[in-house]
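Worksheet for the structure shown next.
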Amino acid sequence: MSPPVIAVLAFQHISPFHLSVPCVVFGDAHPDMPAFTLRVCAVDAGPIRTSSGFSIACDYGLEGLDGADIIILPSWQVGRPVPDALVQALQQASQAGVQIVGLCLGAYVLAEAGLLDGRNATTHWAYAEDFASRYPQVRLDPAVLYVEDGPLLTSAGTAAGLDCCLHLLRQRYGAELANGVARRLVVPPHRQGGQAQFIAQPLPVSAGDARLAALLDWVRANLAQTHTLDSLAARMAMSRRSFTRHFRQLTGSTVGQWLVSERLRYSQRLLESAEYSVEQVAALAGFGSAAALRHHFRLHYGVSPMQWQQNFQA
């Protein structure tokens, strides 16, 4: 059998990192790697100017998609029209059973071609709202690393593209080979697609209440203590109702939701330092027990605290 053909699409002002993700997984020659025919195909005519200021020359145009076993869109520029020729080529490939992958914002191209209608998909979390408004017929899950729905595969941003490509490799050639490639790239060998994107939710900034902002800073510095709506309202010399209203105006959430979010963020930093056990992290972050920490970690991130720690140690 001839080696599988993997076609990767490049376009004007593409990020070199995004383009390199499928190339480094499938294109680097290595003794333990199976043979692939990798084609980098230019969407636009002429040399491709990258977002970093240098240009690359591609040996193929869209004709390079013919006969491909896998087609990968490494990214896209939001708001840039998708050429009709590319839409038609993707639709024909999909009808022929070709596996089509949209990494990061590449999901926009798949959606524009109508390939994701009625299907599950993901994209970079920062563009989830825009994507959902443009393509309401797509069942978007902005919280996960990658989603496979039939022959279509989409991933979240940046490093999640590596996870997605390793998943492809694992599907076709098994875990041992994929793990070997992951070790060579010095990345976690396997992150489940359903694992949450590692998103740090920032606190909304407001100048409306300096005293309340100062209180929140104090709570962050004392997360190991017990905090309740009543105790915090008392520190502000406010009624429950008034404090709740001001708190929501500043943070956009309830006291309970905000406390859990801050405790999780602090837990992340402690776990990533690898200096503390899960039990110690639970106590320092104010969760009270390792069981409570594990519950909230799985609920918000889809992994256990130990898995989080191991990922960052890797």
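The values are calculated or read from the model by the stated rules, or taken from the named source; none is laboratory data. Values in this document were obtained by computation on a predicted structure and should not be read as measured data. Positions of Cβ are backbone-derived with ideal geometry, glycine not excepted, and every protein chain shown enters the neighbour counts. Areas reflect the complete protein model, heavy atoms only, side chains present, ligands, DNA and RNA absent. Shrake-Rupley method; radii C 1.70, N 1.55, O 1.52, S 1.80 Å.
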Could you list all residues from the stretch 263-282 that are surrounded by 18 or more Cβ atoms within 10 Å (Cβ to Cβ), in contact (Cβ under 8 Å) with a residue 40 or more places away in the chain and farther than 14 Å from Leu223 by Cβ? Leu271
Can you tell me how many residues within the stretch 267-306 are aromatic (Phe, Trp, Tyr), closer than 17 Å to Gln257 by Cα and not in a helix (DSSP H, G or I)? 1
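Does Ser52 count as closer than 23 Å to Thr158 by Cβ, open to solvent by 60 Å² or more (accessible area, probe 1.4 Å) and touching a residue at least 24 places away in the same chain (Cβ under 8 Å)?
In short, yes.
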Test: residue in the stretch 236-250 that is open to solvent by 20 Å² or more (accessible area, probe 1.4 Å), closer than 30 Å to Thr123 by Cα and at pLDDT below 90: yes
Take the stretch 265-304 and flag every residue that is aliphatic (A, V, I, L, M) and at pLDDT below 90. Leu270, Leu271, Ala274, Leu299, Val303
Do we have Asp149 as at pLDDT 90 or above, open to solvent by 10 Å² or more (accessible area, probe 1.4 Å), closer than 20 Å to Ile14 by Cβ and not small (Gly, Ala, Ser) here? no
If the requirement is being at pLDDT 75 or above and open to solvent by less than 40 Å² (accessible area, probe 1.4 Å), which of these qualifies: Ala196, Ala182, Ala214? Ala182
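So that you can scan it fast, the table gives a plain yes or no per residue for (1) closer than 29 Å to Ser133 by Cβ; (2) open to solvent by 50 Å² or more (accessible area, probe 1.4 Å); (3) in contact with a strand residue (DSSP E or B) (Cβ under 9 Å, 6 or more places away or on another chain); (4) part of a helix (DSSP H, G or I):
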| site | (1), (2), (3), (4) |
| --- | --- |
| Met33 | no, no, no, no |
| Ala45 | no, yes, no, no |
| Gly64 | no, no, yes, yes |
| Ala68 | no, no, yes, no |
| Trp76 | yes, no, yes, no |
Which residues, taken from the stretch 1-31, are farther than 22 Å from Gly157 by Cα, open to solvent by less than 50 Å² (accessible area, probe 1.4 Å) and either polar (S, T, N, Q) or assigned to a strand (DSSP E or B) (or both)? Val5
Got at least one residue in the stretch 57-65 being among the acidic types (Asp, Glu) and under 26 Å from the mean Cα position of the chain (by Cα)? no
Select from the stretch 274-298 the residues that are under 22 Å from the mean Cα position of the chain (by Cα) and under 22 Å from Ala159 (Cα atoms) and list them in ascending order. Phe297, Arg298
If you take the residues of the stretch 117-130 that are surrounded by fewer than 24 Cβ atoms within 10 Å (Cβ to Cβ) and of a type in the set (A, V, I, L, M, F, W, C), which of them is nearest to the chain's Cα centre (by Cα)? Trp125
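Matching residues to (1) of a type in the set (Ser, Thr, Tyr); (2) within 19 Å of Val8 (Cβ to Cβ); (3) surrounded by 23 or more Cβ atoms within 10 Å (Cβ to Cβ); (4) free of Cβ contacts under 8 Å to residues at least 60 places away in the same chain:
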{"residue": "Ser94", "(1), (2), (3), (4)": "yes, yes, no, yes"}
{"residue": "Leu110", "(1), (2), (3), (4)": "no, yes, yes, yes"}
{"residue": "Leu115", "(1), (2), (3), (4)": "no, yes, yes, yes"}
{"residue": "Pro136", "(1), (2), (3), (4)": "no, no, no, yes"}
{"residue": "Asp141", "(1), (2), (3), (4)": "no, no, no, yes"}
{"residue": "Leu145", "(1), (2), (3), (4)": "no, no, yes, yes"}
{"residue": "Ala156", "(1), (2), (3), (4)": "no, yes, yes, yes"}
{"residue": "His167", "(1), (2), (3), (4)": "no, yes, no, yes"}
{"residue": "Gly174", "(1), (2), (3), (4)": "no, no, no, yes"}
